[in-house]
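This report refers to the structure that appears directly beneath it.
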Amino acid sequence: MTMNESKKLNIFSGIQPSGELTIGGYIGAIKNWVTLQHEYQCLFMLADLHTLTVLQDPEMLRKRCYDFLALYIACGIDPAKNILFAQSHVPEHTQLSWILNCYAHMGELNRMTQFKDKSKQHAANINVGLFGYPVLMAADVLLYQTHYVPVGEDQKQHLELIRDLALRFNHRYGDVFTIPEPYIPKQGARIMSLQDPTQKMSKSDANLHNFITLLDEPDTIRHKLKRATTDSGHEIRFNLTEKPGISNLLVLFSAVTDKTILALETSYQHANGYGQFKQDVSEAIIAFLSPIQSRYQALRKDETELQRILHQGALAAREKASATLKKVYTLVGLMEST
Ligand code: ATP
Ligand code: LTN
């Protein structure tokens, strides 16, 4: 590590390798990862342990970890510059999670909206892992003395809890953890579902027409966009209360073209209806995803290389994580193992 690298601030984020990565996840999180990697020391994790809070098919889960890693790289995350690793390869995450469990309160976890939502979604399997999900997330972030956590808006509440836990721990034991801050995009922090623009676009949505995945075929994208809910009227204007559907498409359009919403509104001010606009949004998404998809296909073929990246990543992550865990063990009064 060069002198400059050691002085860089730390970035940490992760995504659960479940379902298929949506364009919402890309715009809310990965797009920022790609920009931040140049200025920060970044760790990007496959949150495979977190996926177990919902029943998974073991073979699918293993396969998806490689799919997601290849996608991170295809989106522009450089494995030579960043630490890319799987959560399950770094046992310090579950070790710190246990300790933090003993400082987290039932009441604060009970207030988490994701827990409430997922409990409704998976009423037959409200397991303890689902309840403790944010504590494992806290361990992920706090092990690496993280300054910023680039995520979408839905993770903001978890980040607040992580900050509270870190402050509580530091208050008792001294400055052990860096207090992390969420890094949420100003625009695109909450991409909405295509057919119900009052709900977040989510990869676990049972209705496949609600989301666009990074690997969707062009015709699938065209089809989904055609069926996307638009609003009454015919103007193409950003207004979240009156026109949630069109506003969501404008945010998507802007994110994949890097044109401002204002510029897009201006270019459609004489549009007659939504047809052409929706068609243009789908073509812009297709053009944006096409190079990502080609890179993905090439990277995904070489599983040995993906394994090598994860192996290197786990070694680098463990070096950092074990230093924090050691401090924590000593502070809470655990014996040194000889
Ligand atoms: P699930 O449906 O499995 O809960 P998800 O689609 O909500 O998944 P996650 O894997 O939980 O996606 O999120 C990955 C990252 O992308 C997180 O940082 C999250 O905040 C962000 N993200 C997910 N969906 C969106 C969205 N619709 N808009 C903006 N950011 C999003
Ligand atoms: N819960 C996150 C995934 C995640 C994460 C993290 C994000 C697990 N650990 C640590 C940021 C930092 C999600 O995207 N659903």
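Taking other C-beta atoms within 10 angstrom as a stand-in for reagent exposure, Ile212, Ile27 fall in the order Ile27, Ile212, fewest first.
Taking the fewest neighbouring Cβ atoms within 10 Å as the starting point, the ordered list for Ser322, Ser232, Ser294 is Ser232, Ser294, Ser322.
Candidate cross-link partners of Lys327 among the aspartates and glutamates, defined by an alpha-carbon separation under 18 Å and a same-chain spacing of 8 or more, comprise Glu92, Asp140, Asp175, Glu319, Glu336. Subtracting the Cα-Cα distance of Thr266 and Gln187 from their residue separation scaled by 0.36 nm leaves 26.6 nm. On full extension, the segment bounded by Glu153 and His105 gains 15.0 nm, given 0.36 nm per residue less the C-alpha separation. Candidate cross-link partners of Lys320 among the lysines, defined by an alpha-carbon separation under 24 Å and a same-chain spacing of 8 or more, comprise Lys7, Lys8, Lys81. Per residue, the convex hull spanned by the Cα atoms of the chain amounts to 152 cubic angstrom.
Every number here is computed from the coordinates shown, using simple stated rules; none is lab data. Given the structure is predicted, the values throughout are model-derived calculations rather than measurements. Cβ coordinates were reconstructed from backbone atoms using ideal geometry, including for glycine residues, and neighbour counts include every protein chain displayed.
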